[in-house]
Amino acid sequence: MWNDLLQLFKFLCILLILGISVLPLCFKLFHKFENRGFIFSGIIGLYLSGYLMWFFSSCHILKFGVGTSWFCVILITVLNYSYVFWKYKKGDNSFFEELRASFRYMLIEGLVFAFLFVLVCIIYAYRVPSYGTERFMDLGFMMSIARTEYMPAADIWCAGKSINYYYFGQYIFTFAGKLAFIDMGYAYTFGLYAVMAFALVGIFALVRNISKSRIAGIISSCAVVCAGSFHFIVFKYLVPAVWEMLQLEGPAPNYWFANSTRYIGYIPEVANDHTIHEFPAYSFIVGDLHAHVVNMMAVICILAILWAWLQDSDSLSDSWLKNMLDLKIACLGFLIGISFMANSWDFMIYFVVSGSIILFGLIRHFGKDNTAGYTKPVRCKKIIGNTAAIGAFVVIITLAVALPFSLNFKTMTEGLGIAYTHTRWYQFLILWGFDLIMTALFTALIIRLKKLTLSALYVLLLLLCATGLIFMPEFIFVKDIYIDGFPRANTMFKLTFEAFIMFGLCSGYIVNFFHTQAKAEEEMYYRKKYRRTATGLLICIAMLSGYIFMATRMWLNDGGNKGYLSMDAAYSIRLENQTEMGAIDSLTDQVADTGELQPVVLQADGDSYSNSCYVSVLTGFPTVMGWRTHEWLWNNSYNFYELRAGDIKDIYTGTDSMRAKSLLDKYNVDYIYIGPREYEKYGTVENGVLETLGEIIFLAVGDNGQIIEIIKID
């Protein structure tokens with residue numbers, strides 16, 4: 001445990017260093033925030049330094065390594081503080097004054113972040129999941145990226161090809177792991193729960209700034225990170241209670257915390273419409289460092305920058321060029337570009353969200369009758385012109401940031417389809433009814449007051465965008481390989497995950513808004529009504545936030561309560577395959593001695609979401625073919641998968657050594673791995689034939705008497 005805590009401390013230090021490196025930038029972006037954007041500085045520092053390293057590596061200017069990574073951090077730091085000292089020499093001491101004024105807030109936020117981060121990492125260490133969902137894949141990405149000198153990283157499950165997926169999120173924590181000199185298994189765990197801690201503290205800081213209420217910030221943080229949907233309340237508590245009251249036959253349905261993410265199309269069963277409606281608490285509990293989770297950091301920063309821009313919208317220039325070249329707009333384009341590489345669904349979602357907020361911010365500013373004496377037609381032209389200019393600038397920056405990634409990325413989708421199945425009305429209400437009611441109540445209050453403050457406008461726009469996201473899968477979906485049986489799954493998954501974040505972020509503000517209005521209301525009827533509404537919403541959010549405690553308890557108990565294990569995400573994989581660890585370590589040492597980075601190692605392919613292909617996951621060495629469904633998706637061809645899988649089978653089971661050699665040459669295979677999964681998949685392996693093709697560098701007998709060996713091809 002003490003070694004784990006040491007690794008954790010090193011990672012925390014890196015986040016602090018990265019945050020300090022961009023403090024001047026964040027002070028300028030978030031100058032109206034009490035904390036001057038300190039909690040966002042860790043995210044922005046990580047993205048700026050990490051992107052610079054990734055860009056240099058993608059352009060073959062610098063190799064991705066520890067020294068070059070630190071060079072990028074130093075370069076970003078120098079650029080930031082050169083500006084500060086240049087201003088200081090001119091007599092501008094504003095940075096240090098702001099630092100002094102906000103230091104207390106920064107210190108408290110930093111300590112809260114560290115406490116939450118350490119706490120969740122320790123909880124995780126009591127059950128280190130090995131496989132299930134896509135943990136295997138995400139860890140494999142990081143292992144491959146860590147061995148890559150020039151981006152894009154090699155696909156560990158498709159030798160000869162680069163990763164054709166949104167891998168930048170996994171890259172960014174590989175980068176942080178290299179800076180901290182820690183193994184990728186630790187970097188995986190720390191990256192996942194850094195996202196969770198950033199979400200908790202970042203949303204608190206944002207909502208506190210919007211609402212001027214700490215309680216509102218806490219409510220929103222819990223609603224986003226800790227809460228589930230009302231499916232949890234209904235099926236965990238209400239259904240069993242009704243079952244017992246009515247004395248229905250048979251046992252009451254059992255509830256498992258993952259059921260709340262797999263409801264539409266499952267209960268009742270709909271053969272051609274199995275869907276996914278995940279939310280952050282579930283993802284953090286199962287330990288998924290996948291695209292939608294890791295990009296939450298960029299999402300939080302985007303939403304914070306949008307609010308910072310809206311706060312400054314009263315001081316917009318009459319020149320569209322000045323408004324377009326605003327630092328906040330440039331940072332917005334950068335983060336949306338990052339989102340394209342980390343989780344491309346967020347690229348379109350937050351481009352639309354950003355466009356909505358910027359458009360209405362411009363309408364609010366230029367739409368006033370007294371704006372510089374403009375006539376109505378001129379004001380309309382100002383609004384349209386500024387919106388178009390800012391939108392174009394964001395698009396240009398986004399495309400420029402993502403260009404090196406786009407040049408090596410092949411789309412996995414095939415356009416839009418019209419939804420031919422729809423969610424039952426009661427399922428829709430169970431999942432999103434509370435959010436819709438909250439939105440309706442808030443909108444009704446705004447209409448009654450006939451006054452839309454800047455903060456209320458921001459929240460209302462987020463609510464409307466979130467509402468659009470939950471309804472969209474009822475009409476259209478993005479076509480992919482899951483069109484048979486799961487046509488809406490990915491679309492509903494990605495859209496409603498972001499809707500959940502936006503609804504949750506707004507919830508604390510809305511509770512506080514009703515509470516504040518109740519105190520200010522003169523009529524007793526409305527005063528009581530608003531107070532009851534605030535109390536009711538708060539109770540519902542508190543109930544929903546119980547999801548994370550219930551689900552965590554289920555998850556840990558399901559693991560068998562083995563006590564403290566490790567913070568290393570690879571711990572369980574190694575534990576479950578102890579008989580092969582000697583072979584895998586020997587292979588790693590052999591490769592290190594030869595100076596190779598990523599030789600191709602042949603192993604049996606396997607089903608997605610299984611524990612197959614763990615040799616490539618633990619080493620970062622590519623294999624000819626790995627997880628079936630994922631490679632089918634990434635290459636958009638099942639025939640591509642079948643061809644490679646057939647060749648692998650022929651190598652292991654064929655008796656013709658010449659054919660085996662030609663297939664090995666076809667995929668540039670350097671090593672053949674023979675272990676339990678190969679015997680399990682093929683029944684028999686022609687060891688004698690394969691041994692004629694090279695030198696045996698490892699040989700042992702497994703627990704079941706089967707031979708485990710590694711052959712280096714001549």
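The values are calculated or read from the model by the stated rules, or taken from the named source; none is laboratory data. All figures in this text were calculated on a predicted structure; none of them were measured in a lab. Ideal geometry is used to build each Cβ from the backbone, glycine not excepted, and the neighbour counts take in all protein chains shown.
Before moving on, here are some points about what is shown:
For every residue, the table says whether it meets (1) assigned to a helix (DSSP H, G or I); (2) within 24 Å of ILE61 (Cβ to Cβ); (3) not assigned by TED's automatic domain parsing to the domain that holds GLU596.
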{"site": "THR148", "(1), (2), (3)": "no, yes, yes"}
{"site": "MET151", "(1), (2), (3)": "no, yes, yes"}
{"site": "CYS158", "(1), (2), (3)": "no, no, yes"}
{"site": "TYR166", "(1), (2), (3)": "no, yes, yes"}
{"site": "GLN170", "(1), (2), (3)": "yes, yes, yes"}
{"site": "PHE173", "(1), (2), (3)": "yes, yes, yes"}
{"site": "ALA176", "(1), (2), (3)": "yes, yes, yes"}
{"site": "THR189", "(1), (2), (3)": "yes, no, yes"}
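- If the condition is being loosely packed, with under 14 Cβ neighbours inside 10 Å, not β-branched (Val, Ile, Thr) and not in a strand (DSSP E or B), then segment 667-714 contributes ASN668, GLU680, GLY683, GLY688, ASP703, ASN704, GLY705, ASP714.
- LEU663 more than 25 Å from ASN577 (Cα to Cα) and at pLDDT 90 or above: yes
- Annotation note: of TYR124, TYR88, TYR47, the sole residue that is crowded, with 19+ Cβ neighbours inside 10 Å and farther than 23 Å from PHE340 by Cβ is TYR124.
- Selection within segment 13-23 - surrounded by fewer than 22 Cβ atoms within 10 Å (Cβ to Cβ) and either under 23 Å from the mean Cα position of the chain (by Cα) or closer than 21 Å to LEU310 by Cα (or both): CYS13, LEU16, ILE17
- For segment 392-426, filtering for residues that are assigned to a helix (DSSP H, G or I) and in contact with a helix residue (DSSP H, G or I) (Cβ under 6 Å, 6 or more places away or on another chain) leaves 8.
- Meets criteria (of a type in the set (Val, Ile, Thr), surrounded by fewer than 14 Cβ atoms within 10 Å (Cβ to Cβ) and at pLDDT 95 or above) for ILE539: yes
- Residue match in segment 336-351 (condition: β-branched (Val, Ile, Thr), in a helix (DSSP H, G or I) and surrounded by fewer than 23 Cβ atoms within 10 Å (Cβ to Cβ)): no
- Any chance ALA489 is among the small types (Gly, Ala, Ser) and farther than 22 Å from ILE215 by Cα: yes
- Of the criteria (1) within 25 Å of GLU97 (Cβ to Cβ); (2) at pLDDT below 95, which one ASN3 fails: (1)
- Contacts under 8 angstrom Cβ, first residue in segment 379-403 being free of Cβ contacts under 8 Å to residues at least 60 places away in the same chain, partner among the aromatic types (Phe, Trp, Tyr) and in a helix (DSSP H, G or I), 6 or more apart: ARG379/PHE366; ILE383/PHE366
- Of all residues in segment 604-642 being assigned to a helix (DSSP H, G or I) and in contact with a Leu (Cβ under 9 Å, 6 or more places away or on another chain), the one that is nearest to TYR571 (Cα to Cα): LEU618
- Qualifying residue in segment 431-442 (condition: in contact with a Gly (Cβ under 8 Å, 6 or more places away or on another chain), under 25 Å from LEU303 (Cα atoms), assigned to a helix (DSSP H, G or I) and small (Gly, Ala, Ser)): no
- Subset of segment 415-450 [of a type in the set (Gly, Ala, Ser) and touching a residue at least 24 places away in the same chain (Cβ under 8 Å)]: GLY415, GLY417, ALA419, GLY433
Rundown of residues vs (1) crowded, with 19+ Cβ neighbours inside 10 Å; (2) modelled with pLDDT under 90, yes/no style:
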{"position": "ASP369", "(1), (2)": "no, yes"}
{"position": "ILE384", "(1), (2)": "no, yes"}
{"position": "ILE396", "(1), (2)": "no, no"}
{"position": "VAL459", "(1), (2)": "yes, no"}
{"position": "LEU463", "(1), (2)": "yes, no"}
{"position": "ALA466", "(1), (2)": "yes, no"}
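- Screening the candidates PHE486, PHE477, PHE493 for the property of being at pLDDT below 95, aromatic (Phe, Trp, Tyr) and buried (at least 22 other Cβ atoms within 10 Å of the Cβ) yields one hit, PHE477.
- Sole residue being over 26 Å from the mean Cα position of the chain (by Cα) and within 29 Å of SER566 (Cα to Cα), chosen from TRP2, TRP86, TRP70: TRP2
- GLU414 being exposed (fewer than 14 other Cβ atoms within 10 Å of the Cβ) and either in contact with a Cys (Cβ under 8 Å, 6 or more places away or on another chain) or not hydroxyl-bearing (Ser, Thr, Tyr) (or both): yes
Here is a yes/no grid of residues against (1) in the same structural domain as VAL601 (by TED's automatic domain parsing); (2) among the β-branched types (Val, Ile, Thr); (3) in contact (Cβ under 8 Å) with a residue 24 or more places away in the chain; (4) more than 30 Å from GLY415 (Cβ to Cβ):
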| site | (1), (2), (3), (4) |
| --- | --- |
| ASN636 | yes, no, yes, no |
| PHE640 | yes, no, no, no |
| GLY654 | yes, no, yes, yes |
| GLY675 | yes, no, yes, yes |
| GLU695 | yes, no, no, yes |
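- In segment 411-432, the residues that are at positive phi and modelled with pLDDT of 90 or more: none
- Hey, ILE437 modelled with pLDDT under 95 and in the same structural domain as ILE305 (by TED's automatic domain parsing) or not: no
- Members of segment 239-260 that are surrounded by fewer than 20 Cβ atoms within 10 Å (Cβ to Cβ) and within 23 Å of ILE470 (Cα to Cα): ALA258, ASN259
- Any hit, segment 28-39, residues being among the basic types (Lys, Arg), under 30 Å from SER313 (Cα atoms), touching a Ser or Thr at 6+ places or on another chain (Cβ under 9 Å) and free of Cβ contacts under 8 Å to residues at least 12 places away in the same chain: no
- Options THR453, THR496, THR491: the member that is free of Cβ contacts under 8 Å to residues at least 40 places away in the same chain and within 21 Å of the chain's Cα centre (by Cα): THR491
- Search result, residues across segment 222-264 that are in contact (Cβ under 8 Å) with a residue 12 or more places away in the chain and in a loop (DSSP other than H, G, I, E, B): CYS226, ALA227, GLY228, SER229, ALA252, PRO253, TYR255, TRP256, ARG262, TYR263, ILE264
- Residues in segment 538-594 that are within 26 Å of the chain's Cα centre (by Cα), closer than 18 Å to GLY185 by Cβ and of a type outside the set (Phe, Trp, Tyr): GLY559, LEU565, SER566, MET567, ASP568, ALA569, ALA570, SER572, ILE573, ARG574.
- ALA645 being assigned to a helix (DSSP H, G or I), in contact (Cβ under 8 Å) with a residue 24 or more places away in the chain and either in contact with a Phe, Trp or Tyr (Cβ under 6 Å, 6 or more places away or on another chain) or among the hydrophobic types (A, V, I, L, M, F, W, C) (or both): yes
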